[in-house]
Amino acid sequence: TRERARRMGIKDPKKKYQLEDLVTGDCVFAATGIVSGSLLRGVRFRPGIIETETVVMRSTTGTVRWIRAEHRHFQKFQMG
């Protein structure tokens, strides 16, 4: 809501923000696919393995890392 935005320091709720307005300095972005889309594959279940795909980007170096993981210890997942 506008009131919440005001409390967060946003003075003009109609302003179109540029990237420089949103992020400054060293920034790291990471995302893991839940369902398959144009950027990442979703979680896949195979016998004894859960496969995930993650992308990690760092602004200062321009590094982009793609991580495909096979998880065999399911305790860290909340399933069902």
**Message:** Explain nothing, just compute: Karplus ³J(HN,Hα) = 6.51 cos²θ - 1.76 cosθ + 1.60, θ = phi - 60°, for every residue of segment 55-70 in order, whole Hz, x for Gly and Pro.
**Reply:** 10, 10, 10, 10, 5, 5, 9, x, 5, 10, 10, 10, 10, 9, 10, 10
**Prompt:** Treating the beta-carbon of each Lys and Arg as +1 and of each Asp and Glu as -1, no other charges, what is the dipole magnitude of the chain about its Cα centre, to the nearest 20 debye?
**Reply:** 300
**Asked** To the nearest 10 square angstrom, how much accessible area does I34 have with a 1.4 angstrom probe?
**Response** 120
**Message:** Run lengths n ≥ 4 of DSSP H only: what is the helix-derived mean residue ellipticity at 222 nm for the chain, with -39500 (n - 2.57) per run over all residues, to the nearest 500?
**Reply:** -2500 deg cm²/dmol
**Request:** With the full set of protein chains in place, find how many percent of the accessible area of segment 2-71 is carbon and sulfur; take the probe as 1.4 Å.
**Result:** 56
**Complete:** Taking trypsin sites (Lys or Arg not before Pro) in a DSSP loop with at most 11 other Cβ atoms within 10 angstrom as exposed, one finds the longest site-free stretch of the chain at 17-71
**Item:** Set of aspartates and glutamates near K14 by C-alpha distance (under 17 Å), chain-local residues within fewer than 8 positions excluded
**Value:** E3
**Prompt:** Taking the Cα-to-Cβ direction at V28 and at F74 and moving 7 Å from each Cα, how far apart do the two end points lie in nm?
**Reply:** 3.0
**Item:** Difference of contour (0.36 nm per residue) and Cα-Cα distance, D21 to I67
**Value:** 13.6 nm
**Complete:** Counting only DSSP loop positions in segment 14-57, the chymotrypsin sites (Phe, Trp or Tyr not before Pro) whose Cβ has at most 13 other Cβ atoms within 10 Å are Y17
**Complete:** Over the chain, with neighbouring protein chains present, the accessible area per residue in Å² at probe 1.4 Å is 87
**Asked** Hey, how many Å between the Cα centroid of segment 32-47 and the Cα centroid of segment 50-80?
**Response** 10
**Item:** From the coordinates shown, mean projected area of the Cα convex hull in nm² corresponds to which of [x] 6.9; [y] 5.4; [z] 8.7
**Value:** [z]
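The values are calculated or read from the model by the stated rules, or taken from the named source; none is laboratory data. Note that this is a predicted model, so its numbers are computed, not measured. Neighbour counts run over all protein chains shown; Cβ positions are idealised from the backbone, glycine included. Quick note on the areas: whole protein, heavy atoms, side chains included, nothing else; ligands and nucleic acids left out. Shrake-Rupley method; radii C 1.70, N 1.55, O 1.52, S 1.80 Å.
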